[in-house]
Amino acid sequence: MQPRLKVGVLYSRVRVEEKWIFAAMEKQGIDYERLDDRKIHFDLDDPAPWRTFDVVLERSISYNSGLYALRMLNAWGVPTVNTAAVAEVCGDKLTTSAMLARAGVPQPHNKVAFSPEAALDAIEEFGYPVVLKPMVGSWGRLLAKINDRDAAEAVLEHKSMLGSVQHSVFYIQEYIKKPGRDIRAIMVGDRVLTAIYRKSEHWITNTARSGEGEICPITPEIEALCLKAASAVGGGLLAVDLVEHPDKGLVVNEINHTMEFHSAQPVSGVNIADEIVNYVVQVAKAAGS
Amino acid sequence: MTTVSCPECAADITLDEGTEVNEIIVCSDCGVDLEVTSLNPATVELAPMEEEDWGE
């Protein structure tokens with residue numbers, strides 16, 4: 001008889017997604033341990049406690065905590081979902097853009113600059129409106145739609161004077177006149193599990209900002225684009241966010257590596273938590289074979 | 001039925017069936033985010049403030 005797998009789940013808060021994942025683990029009789037990222041520590045001379053895990057599922061809310069934990073675990077040979085390499089790419093918008101560009105995946109037109117003056121030049125080249133985004137961040141926070149030069153100068157000055165060092169990298173994106181919605185596709189390995197429209201009257205359509213969900217049929221185009229995008233960032237459990245660009249068609253806006261699915265699961269009727277657990281077990285078994 | 005007191009406004013809050021440790025609940029009186037820190041006995045604390053690198 002094969003030894004029972006031991007799964008670690010690294011988390012910060014028990015959101016509804018973690019409740020569903022824990023319930024799925026319990027339903028499947030999986031031996032799992034809850035690892036609160038505020039309470040754990042790593043002794044770099046003692047990997048043994050961590051090597052008792054056949055796989056660790058990373059669900060930290062803090063990007064930094066999750067990323068560094070994954071780096072330690074992967075350095076010790078502990079399989080993780082996702083890997084540190086995937087988190088490094090997906091947690092940073094510019095790195096994601098670079099990987100998508102390398103793979104020829106269509107995406108919005110983006111520019112990057114390292115000083116407010118150069119950023120203003122880049123913005124003026126675009127024309128208005130444009131969108132300024134933080135390199136790291138989520139839930140639609142700190143996005144700025146810049147409608148004119150006055151606003152550009154003000155926001156750039158505020159970012160450079162008040163922001164952390166990361167805000168001195170200016171990630172500038174064309175403003176896309178999307179049809180009041182974007183698309184979130186849930187990827188499990190090499191499968192597009194389900195997709196939903198996220199609808200909002202606001203230009204930010206994130207469901208963390210009260211965007212509403214509606215089922216989106218997975219067309220061959222969506223499937224092919226998602227597979228290509230997931231492959232470009234290293235694959236795994238991913239949420240690929242697509243935007244319907246009026247000129248370019250579907251483009252990949254961002255890819256999330258610790259996806260929330262509080263809308264996608266009830267809207268789609270797909271038990272995403274079950275699929276996540278199945279994938280995590282599959283990764284552990286593949287690593288052990 | 002388990003009841004806790006909001007550390008911000010002292011309102012009585014009833015925990016739903018199936019509430020988990022580390023789950024975030026919202027005080028229905030003052031709207032503050034609270035983290036459930038234990039279930040037996042039931043305790044809550046003010047939830048940590050959202051950090052810049054939080055997200056998905």
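The values are calculated or read from the model by the stated rules, or taken from the named source; none is laboratory data. These numbers come from a predicted model, not from an experiment. Positions of Cβ are generated from backbone atoms using ideal geometry, with glycine treated the same way; all protein chains shown enter the neighbour counts.
Things to note:
- Where a residue in the range A:135-150 is under 15 Å from A:Ala119 (Cα atoms) and more than 8 Å from chain B (Cβ to nearest Cβ) and its partner, wherever it lies, is part of a helix (DSSP H, G or I) and modelled with pLDDT of 85 or more, with Cβ under 7 Å and at least six apart: A:Met135/A:Lys93; A:Met135/A:Leu94; A:Ala144/A:Val155; A:Ile146/A:Ile123; A:Ile146/A:Ala152; A:Ile146/A:Val155
- One residue stands out among those in the range A:66-114 that are touching a strand residue (DSSP E or B) at 6+ places or on another chain (Cβ under 8 Å) and of a type in the set (S, T, N, Q): the one that is nearest to A:Val243 (Cα to Cα), which is A:Gln107.
- Selection status of A:Gly137, touching a Gly at 6+ places or on another chain (Cβ under 7 Å) and more than 20 Å from A:Glu244 (Cα to Cα): yes
- Positions within the range A:6-16 being farther than 11 Å from B:Glu20 by Cβ and modelled with pLDDT under 95, in sequence order: A:Ser12
- The strands (runs of 3 or more DSSP E) found entirely in chain B that carry 3 or more residues being more than 20 Å from A:His262 (Cα to Cα) and within 14 Å of another protein chain (Cβ to nearest Cβ) are B:33-39, B:42-46.
- Whichever residue in the range A:230-255 is buried (at least 20 other Cβ atoms within 10 Å of the Cβ) and more than 18 Å from A:Cys216 (Cα to Cα) and, among such residues, is nearest to the other protein chains (Cβ to nearest Cβ): A:Leu237
- Strands (runs of 3 or more DSSP E) wholly inside the range A:166-239 containing at least 3 residues that are under 30 Å from A:Ala151 (Cα atoms) and not aromatic (Phe, Trp, Tyr): A:170-174, A:181-188
- The one condition from (1) within 23 Å of A:Arg141 (Cα to Cα); (2) surrounded by fewer than 14 Cβ atoms within 10 Å (Cβ to Cβ) that B:Asp53 does not meet is (2).
For (1) more than 11 Å from chain B (Cβ to nearest Cβ); (2) without any contact (Cβ under 8 Å) to a residue 60 or more places away in the chain; (3) at positive phi; (4) outside any helix (DSSP H, G or I), each residue gets a yes or a no:
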position: A:Val9; (1), (2), (3), (4): yes, yes, no, yes
position: A:Glu17; (1), (2), (3), (4): no, no, no, no
position: A:Trp50; (1), (2), (3), (4): yes, yes, no, no
position: A:Asn74; (1), (2), (3), (4): yes, yes, no, no
position: A:Gly77; (1), (2), (3), (4): yes, yes, yes, yes
position: A:Thr96; (1), (2), (3), (4): yes, no, no, no
